[in-house]
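Each remark here refers to the structure printed beneath this line.
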Amino acid sequence: MRTAYAIAEREIRSYFASPIGWIVLGAFMALVGWFFWAAIAYAGIGEMRMWFSNTTIVLIILLPALTMRLLAEERQRGTIEILMTSPVTDTQAVLGKFLGAWGFYCVMLLMTLQFPITLTRLATPDRGPFYSGYLGMALFGGTFIAVGLLISAMTRNQVVAYVGTLFVLLFLWLLSWAGSGDAWWQTLLTYISVPSHLDSFAKGMIDTRDVFFYLSFIGGMLFLTVRALAAWKWR
Amino acid sequence: MVEVNGLTKYYGAYAAIEDVTFRVEPGEILGFLGPNAAGKTTTMRIITGFMPPTAGTATVDGFDITGDSVAARRRLGYLPEQVPLYEDMSVREYLAFCARVRGVGRSSVPASVDRAMASTRITEYADSLIFKLSKGYRQRVGIAQALVHEPAVLILDEPTVGLDPRQIIEVRELIKGLRGDHTVILSTHILPEVQMVCDRVVIISDGTIVAIDTPEALTARIQQTQQVRIEVRGPEMPLLEALKGLPGVQEVSAERVEDGVFRCLIVSDRSQDLREGAAALVIQRGWGLRELGTMALSLEDVYMRLTSEAPVDEPHGEDR
Ligand SMILES: Nc1ncnc2c1ncn2[C@@H]1O[C@H](COP(=O)(O)OP(=O)(O)OP(=O)(O)O)[C@@H](O)[C@H]1O
Ligand SMILES: [Mg+2]
């Protein structure tokens, strides 16, 4: 765990040392800020459900830019040779990479806390949905990052990793549309689709089934990433 | 300390190395010598656990590199050929990261980093970003990261490539200083480097080992003849005749240096040392003896013979 933590820490520093980290952070704040103030200006809505769901779309575009470099860049630059010949297991490396990107994403989320704080200043909204919504967002972003990490493990080209991740995330998002209906397969698609589990968080409910879904989704992706990394060594 | 047994690696259907076997004793410096594409980097990548072998085993300090991989890697420091470093970090940050990942306790990280920087002489660049460093300094950072956790075994893939002559000497001194405390395997194309630094040499060619021995024994083993070089002021023909008359001489050639002065090369049996006889002869005839010495067959000659399919002193054939 200490090793994974060292890798995660290096990863977060490296986001702050690189233009890509600042671009993602800046673009994120600009877009979600616009959604927030636009919602207040046009509709005067005193709650954040709409904002959470708009933010998911922003994340589909921006999170692949965070994850594309995680393993693809290591492979392309060859730095993976020093990393993987250190006493680091594949699991520690994958966990460290995930926690690094997720940690940066959490910093992005923390910066948006100004929005609910502003709301409580302007009015007296129900605060419950804020807490649960942020927990949901943290988990939700984790699933996207885990998908991006897996795809980043499968290529040495960062552009391919970005486009591939964007495609898969869009697909996961579209599933929730295709799944709007009552047939068993539509229910199944809704269950698989990652964003659909966010709704109840945004409404203020913490359903353990949703938490379980997100955590197992992340776990599954990380497991596949470990396998992808091992398979790459045997190539 | 390092034992390599029957190591074989196929890339697809292509065998990069086949049945490579050798061992390195504790505290020894082993030179890994071979032409391009011989399989040096492949062997090192397997020993460091970066890629698994197709067949065979490698152990580091008794730990199998595939079975007990983490324990084996804990004892290793590795400088890859291309020196891949995280460019956006400063030297100090990077080395601290490496130390932590290798299991150096948090409180002793700064001391380990300082020591590694001091021994590779990069302390003055401690806070420079790595992408701003020159090739030679990057190479030093690469060596420093291999040393930072004081591993028992160091594997260095062409450590002096791209350095200026002064740095080459410094790095060689650094590596020589590791003898005894660390076990070192280094690969190189540079023959004098092996002679200067290494206790033993493994010569690999086309993925198979062609020789393992000390540099001296290797040259001696291949050396069938002895050569004496002598420079004399005197008449050419009588000089050649007289030298040919010495016991055990196989061949004498002469080359004119200036008017009346010739440099001769005398090839004789290995058992014969002709130096004293030749000197006595020249003086007895009243010629001027200007220079006398033996020409040792260099490691270079040995290397050329072992790594080329056709022996060097025979015409090259097209048979493959
Ligand atoms: N990843 C790889 N995939 C396919 N073939 C490879 C790979 N790596 C090396 N090879 C091949 O294996 C052979 C041995 O390569 P290796 O890099 O081990 O040689 P080397 O002795 O280190 O050469 P050099 O002195 O040029 O560094 C070469 O023919 C090379 O083309
Ligand atoms: Mg090589």
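Direction-averaged shadow area of the convex hull around the Cα atoms of the range A:78-206, nm²?
10.6 nm²
Could you work out the relative contact order of chain B, using alpha carbon pairs under 8 angstrom and six or more residues apart, expressed as a whole percent?
18 percent
Tell me, what are the semi-axes, in whole angstrom and largest first, of the equivalent ellipsoid of the range B:186-276 as set by the roots of 5 times the Cα gyration tensor eigenvalues?
Taking √(5λ) for each Cα gyration eigenvalue gives 36, 15, 11 Å.
Using a Gaussian network model on chain B with a 10 Å cutoff between Cα atoms, which of B:Ile130, B:Ile204, B:Ile17 fluctuates the most?
The residue that fluctuates most here is B:Ile130.
Quick check: the distance between the Cα centres of the range A:163-235 and the range B:114-129, to the nearest angstrom?
Each part reduced to its Cα centre gives a spacing of 47 Å.
On each of the three principal axes of the Cα atoms of chain B, give max minus min coordinate, whole Å, ordered largest first.
Here the spans come out as 78, 47, 33 Å, largest first.
With n ≥ 4 as the cut-off for DSSP H runs, can you work out [θ] at 222 nm for the protein assembly as shown, using -39500 (n - 2.57) per run divided by the number of residues, rounded to the nearest 500?
Value at 222 nm, helices only, nearest 500: -17000 deg cm²/dmol.
Treating the protein assembly as shown as a set of equal point scatterers at the Cα positions, no solvent, please give the Debye-formula log₁₀ I(q)/I(0) at q = 0.10 Å⁻¹.
-0.91
Using a cut-off of 26 Å between alpha-carbon atoms, which lysines can reach B:Lys135, once sequence neighbours fewer than 8 places away in the same chain are excluded?
Partners within reach: B:Lys40, B:Lys176.
Going by how many other Cβ atoms sit within 10 Å of their own, how do A:Met108, B:Met295 line up, fewest first?
Going from sparsest to densest Cβ surroundings: B:Met295, A:Met108.
May I ask which residue of B:Tyr303, A:Tyr162, B:Ala99 lies farthest towards the positive end of the charge dipole of the protein assembly as shown, with charges of +1 (Lys, Arg) and -1 (Asp, Glu) on Cβ and the Cα centre as origin?
Final value for the positive-end residue is A:Tyr162.
For the range A:1-52 and the range B:161-233, what is the separation of their C-alpha centers, rounded to whole Å?
57 Å
Taking 2.2 N^0.38 Å as the expected size of a compact globular protein, what ratio does the Cα radius of gyration of the range B:127-217 give against it, to two decimals?
Taking the Cα Rg and dividing by 2.2 N^0.38 Å, one obtains 1.16.
Given a 10 angstrom Cα cut-off, can you work out which residue in A:Glu81, A:Glu73, A:Glu11 is the most mobile in a GNM of chain A?
Evaluated over chain A, the most mobile residue of the options is A:Glu81.
Let me know the Kirkwood hydrodynamic radius for the range A:158-235, please, with Cα pairs as the basis and the value in Å to one decimal.
After inverting the pairwise mean of 1/r, the radius is 14.4 Å.
Once every Cα of chain A carries one equal point scatterer and solvent is ignored, give the base-10 log of I(q)/I(0) from the Debye formula at q = 0.10, 0.13, 0.16 Å⁻¹, two decimals.
For the requested q values the scattering log ratios are -0.48, -0.80, -1.15.
Where is the GNM fluctuation largest for chain A (alpha-carbon springs, 10 angstrom cutoff): A:Ser152, A:Ser18, A:Ser196?
A:Ser18
Name the residue from A:Ser53, A:Tyr15, A:Gly136 whose Cα lies farthest towards the positive end of the charge dipole of chain A, charges +1 on Cβ of Lys and Arg and -1 on Cβ of Asp and Glu.
A:Tyr15
Would you work out the charge dipole size for the range A:74-154 about its Cα centre, treating the Cβ of every Lys and Arg as +1 and the Cβ of every Asp and Glu as -1, and quote it to the nearest 20 debye?
200 debye
Could you work out how far the C-alpha centroid of the range B:4-49 sits from that of the range A:124-147, in angstrom?
Cα centroid of the range B:4-49 versus Cα centroid of the range A:124-147: 52 Å apart.
Please compute, for the alpha-carbon atoms of the range B:24-128, the extent along each of the three principal axes and give them in descending order in Å.
For the range B:24-128, the Cα extents along the three principal axes come out at 43, 31, 28 Å.
Compute the normalised compactness of the range A:48-142: alpha-carbon radius of gyration over 2.2 N^0.38 Å, N being the residue count.
Against the compact-globule rule of thumb, the ratio is 1.41.
Roughly how many debye, to the nearest 20, is the charge dipole of the protein assembly as shown about its Cα centre, given +1 on each Lys and Arg Cβ, -1 on each Asp and Glu Cβ, and no other charges?
1960 debye
With θ set to phi - 60°, apply the Karplus curve 6.51 cos²θ - 1.76 cosθ + 1.60 along the range B:52-59 and write out the HN-Hα couplings as whole Hz, x wherever there is a Gly or Pro.
Values per residue, Gly and Pro as x: x, x, 6, 8, x, 9, 9, 10 Hz.
Near the amide H of B:Val257, under 5 Å away, which other amide H atoms are found, from residues 5 or more places off or on another chain, if H is placed in the peptide plane?
Hits under the 5 Å cutoff: B:Phe262, B:Arg263.
When DSSP assigns beta bridges and you keep just the ones with both residues in chain B, what percent turn out antiparallel, to the nearest 5?
70 percent
Please arrange A:Tyr42, A:Tyr214 by how many other C-beta atoms lie within 10 Å of their C-beta, fewest to most.
Arranged by neighbour count, lowest to highest, A:Tyr42, A:Tyr214 become A:Tyr42, A:Tyr214.
Would you mind ranking A:Trp51, A:Trp34 by Cβ crowding within 10 Å, fewest neighbours first?
A:Trp34, A:Trp51
Please state the shape class of the range B:224-296: rounded when a/c is under 1.5, otherwise prolate if a/b exceeds b/c and oblate if not, all from the C-alpha gyration tensor.
prolate
Given N residues in the range B:72-155, what is its alpha carbon radius of gyration divided by 2.2 N^0.38 Å?
Against the empirical 2.2 N^0.38 Å value, I get 0.97 for the range B:72-155.
Per residue, what volume in Å³ does the Cα convex hull of the range B:118-277 take up?
Convex hull volume per residue, Cα atoms: 194 Å³.
A short reminder: the numbers here are calculations on the coordinates, not readings from a lab. What you see is a predicted model; the values in this text were computed from it and never measured. Positions of Cβ are backbone-derived with ideal geometry, glycine not excepted, and every protein chain shown enters the neighbour counts.
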